[in-house]
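Since the structure comes first, as structure tokens, the remarks are kept for the end.
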Amino acid sequence: MRILLIILLSTVLIGLPAPLPFTQTGAFRGTPILLTVQLTRQNGSPIDDATVLFFHETQNQFLGTAQTNATGHAQFIWQIPGTHELGFVSLNATFRGDPERFLLPSMVSIPLTVFARLQNIINITDTNGNPIGTSVNIGQKLLFNVLIQDDHTIPLEGISVQLLIEPNQLITEGVTTQNGTVRLSCIVNHTVTNAVTFIIRSVNQGFYNGTENRFRVSIGNTSVQLIGLPAFWLLRCSQSISGRLFQNDGESIPNATIELLSERETLIEYSVTDSEGVFSFNLCNHIETIQANRFLIFRYNGGGGHKTTEVVVGIITGSTENPFSQFVEIITPVDLTRILHQLSIIIVSCLTIGTTLMTLKMKRTTSRIVSH
């Protein structure tokens, strides 16, 4: 009687759902796989309590045995050695027959591809080498230092590595050097909202299967500054008032809305910054509205990872000989506190610039003395 040995589920990874039967499958070395076969008679009736032997044909090696159950199925778990060579191999399941039950021998081949899984070791820093935590800022440059190793921790050269933003937007990519490393960089742009997920993906190559790592970080609110605005504005002046909006790292913030508000914070007009972060207001278009105010507020409401900031400009209606005295005389204590806070920022900034210039001058003088 002809006996059929059918492989139903070839090399199914343990713990995963069993796929439909197929002629060739893959598995990772160093991991267990499950081989399932069925032994039946020619009419399809199952053969139970039969011994099936499993062999590694490529290496001419006996792997082990399994017994068929009532439905004729036999299952065998093979732990692929961690040192197994990569590539195509062939296993087989063999039934040597049973003369007492008039069962003839039968054999079926099990094609298999052995893969290795790549390991991504990733270190994320800023441009100064400081580790990146769970929060980044808009405009911040991130460096992804990636080391690619095989499953034996051996660095691999020539592996393509991609940097993406979820869901699947490619930012940049590179290829590992002889020591298995590659550096990818990314600047957190203005389109990001409150969080972003970065993906580091090593690409499949040969019998090495790539790996994907994800890093989710929140977008912190970056401090910004409004500069170039005067401390006081003479009501009779016909010139426009201009300023610039930028981050603390010096990068301009384009397409940002700057509001011009009255002292009661009523919107008078708004302006949008250009590519250099510059904005402009012609206050003479609003003389009647402005003359009822003691000061004006220029405000950026933040957004896109930026903090809110504002600058107060005093309105001077009379002589300009001592505008600060005239201004203070008409400001209430509550408003004066707000004004002085803005002025203190200007003074501190000026002192900082002056200190820096003095330091540079002293260094140059010292250099000349030493050179003589």
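The values are calculated or read from the model by the stated rules, or taken from the named source; none is laboratory data. The shown structure was predicted, so the numbers you read here are calculated from the model rather than taken from an experiment. Note that we place each Cβ from the backbone using ideal geometry, even for glycine, and neighbour counts take in every protein chain shown. Ligands, DNA and RNA are excluded from the accessible area calculation, which covers all protein heavy atoms including side chains. Shrake-Rupley method; radii C 1.70, N 1.55, O 1.52, S 1.80 Å.
What the table shows:
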| quantity | calculated |
| --- | --- |
| Selection within region 138-168 - open to solvent by 50 Å² or more (accessible area, probe 1.4 Å) and closer than 14 Å to Phe198 by Cα | Lys141, Glu166, Pro167, Asn168 |
| Which listed residue, of Arg294, Arg299, is among the basic types (Lys, Arg), within 18 Å of Gln225 (Cβ to Cβ), modelled with pLDDT of 85 or more and surrounded by 14 or more Cβ atoms within 10 Å (Cβ to Cβ) | Arg299 |
| Scope region 154-198; condition among the hydroxyl-bearing types (Ser, Thr, Tyr) and more than 22 Å from Pro254 (Cα to Cα); matching residues | Ser160, Thr172, Thr176, Thr177, Thr181, Ser185, Thr197 |
| Filtered residues of region 72-93 (kept if open to solvent by less than 70 Å² (accessible area, probe 1.4 Å), in a loop (DSSP other than H, G, I, E, B) and either more than 19 Å from Pro111 (Cβ to Cβ) or in contact (Cβ under 8 Å) with a residue 60 or more places away in the chain (or both)) | Gly72, Gly82, Leu86 |
| Those residues of region 98-108 which are touching a residue at least 60 places away in the same chain (Cβ under 8 Å), in a strand (DSSP E or B) and open to solvent by 30 Å² or more (accessible area, probe 1.4 Å), in sequence order | Met107 |
| Single residue of Arg216, Arg201 found to be at pLDDT 80 or above, over 30 Å from His286 (Cβ atoms) and surrounded by 15 or more Cβ atoms within 10 Å (Cβ to Cβ) | Arg201 |
| Residue that is nearest to Phe115 (Cα to Cα) [pool: residues in region 21-51 that are among the hydrophobic types (A, V, I, L, M, F, W, C) and open to solvent by 20 Å² or more (accessible area, probe 1.4 Å)] | Phe28 |
| Residue check for Thr125: over 20 Å from Arg29 (Cβ atoms) and open to solvent by less than 20 Å² (accessible area, probe 1.4 Å) | yes |
| Sole exception among (1) surrounded by 13 or more Cβ atoms within 10 Å (Cβ to Cβ); (2) closer than 21 Å to Asp98 by Cβ; (3) modelled with pLDDT under 90 for Phe54, by number | (3) |
| Some residue of region 106-115 being of a type in the set (Phe, Trp, Tyr) and modelled with pLDDT under 90 | no |
| Candidate set from region 225-272 (those that are of a type in the set (Ser, Thr, Tyr) and in a loop (DSSP other than H, G, I, E, B)); member that is modelled with the lowest pLDDT | Ser238 |
| Hits in region 172-188 (condition: under 12 Å from the mean Cα position of the chain (by Cα) and open to solvent by less than 70 Å² (accessible area, probe 1.4 Å)) | Thr172, Leu184, Ser185, Cys186, Val188 |
| Residue within region 21-32 that is hydrophobic (A, V, I, L, M, F, W, C), within 11 Å of Ile110 (Cα to Cα), in a loop (DSSP other than H, G, I, E, B) and at pLDDT below 90 present | yes |
